[in-house]
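Shown next, in structure tokens, is the structure this report addresses.
Taken together, the values in this text are just the output of simple stated rules run on the coordinates, not laboratory data. Keep in mind it's a predicted model, so treat the numbers as computed, not measured. FYI the Cβ positions are ideal-geometry reconstructions off the backbone, even for glycines, and counts take in every protein chain you see.
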Amino acid sequence: MTDATRILYDCDPGHDDAIALVMAHRSPAVEMIGVTTTCGNAEIEKTTSNALRILEFIGAGDVPVAEGCHRPLARPLVLGTADGPSGLEGSPYLPQATITTVGRHAVDFLADALAAEAGPITIVATGPLSNLGLLILKHRAVLPKIKEIIWMGGVFYRKSEIITPTEFNAFCDPEALKIVLDSGVKLKMVGLDVTMQVLVEEPQYAEFRKIDTQLGKVVVDWLLFYEKLHRNSMGVGGALHDPLALALVIDPTLVRFRPAHIGVDLRGSYTFGATVADFWNERGEAPNAEIAYEVDADRFFDLLYALLRD
């Protein structure tokens, strides 16, 4: 795997995190050198257990896993609701893991992993940014070793749209997000407005069901549970938020980005956790992130089908 992009993956599994882990393991373009967990979709004990179960099930039990923050940096934990109480409902037959974590906090594991690398490393983050915020505060010496952070988070709807102004990963730990935005580390934000363009509807289910393998069946089961919240509240199928962020390691051309300065609302009653993009430089502040604004959904799904078939 000499040509593979070496990544550290920070996540809170989570059905869509689970599919992203599958993609990272099965793609020859990606080499996971470590997985770190955070709270978000469920409590930290559950997201860590889920990560271990998923990795062992897909044959990636040799990837080191480190458990991270059990709560946001500056406020109580508010859990996500899309993935059920365990964070990975709908797969009761997925065995409990026999592998364990490395026994060190994720933040220190990340710092040591970055320091040990010869060159800069990509971090993919698909949960609240608690671990990365704390890494920036505690281990500034290793920040030059981060090539970029690809984060599934934030949302950048047009002002005319009456829709949720925030996204869960940003809402869960907005202080950590602000630390990352202010750090100078290159950040690519794949927001909810773009990930909601990669929806699993009947044509996609039909393709997934053609993949007649144990893994293919598990992925369909994950999707069927995961889409319940989307279907009941928005009338659409499940969106593959986290897999899209991971897919950019494999094919960066799937999504188009534009630079902007991002602020995060830490006080609003209705817009708490909202990410505000200054695309027109009205505040005169230098860009601190690149924001996804367009995705080739068909090519994304073709990539995902291919990885599951191989």
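See the values below:
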item: Cα centre as origin, Lys/Arg/Asp/Glu Cβ charges: the chain dipole, Debye; result: 440
item: Proportion of all alpha-carbon pairs of the range 16-100 beyond 22 Å (%); result: 24
item: Cα-Cα over 30 Å, subset of K46/K217; K46/K178; K138/K217; K138/K188; K178/K217; K188/K217; result: K138/K217; K178/K217; K188/K217
item: Sparse-neighbour loop sites [trypsin sites (Lys or Arg not before Pro); the range 243-283; at most 11 other C-beta within 10 Å; DSSP]; result: R267, R283
item: GluC sites (Glu not before Pro) within the range 209-310, DSSP loop, no more than 13 other Cβ atoms inside 10 Å; result: E282, E285
item: Most positive-pole-ward Cα, Y270, A247, S183, against dipole of the range 161-289 from beta carbon charges; result: A247
item: Total charge dipole magnitude, the range 1-138, about the Cα centre, Cβ charges on Lys, Arg, Asp, Glu only, Debye to nearest 20; result: 220
item: Coil-residue chymotrypsin sites (Phe, Trp or Tyr not before Pro) of the range 55-156, DSSP, other Cβ within 10 Å capped at 13; result: Y93
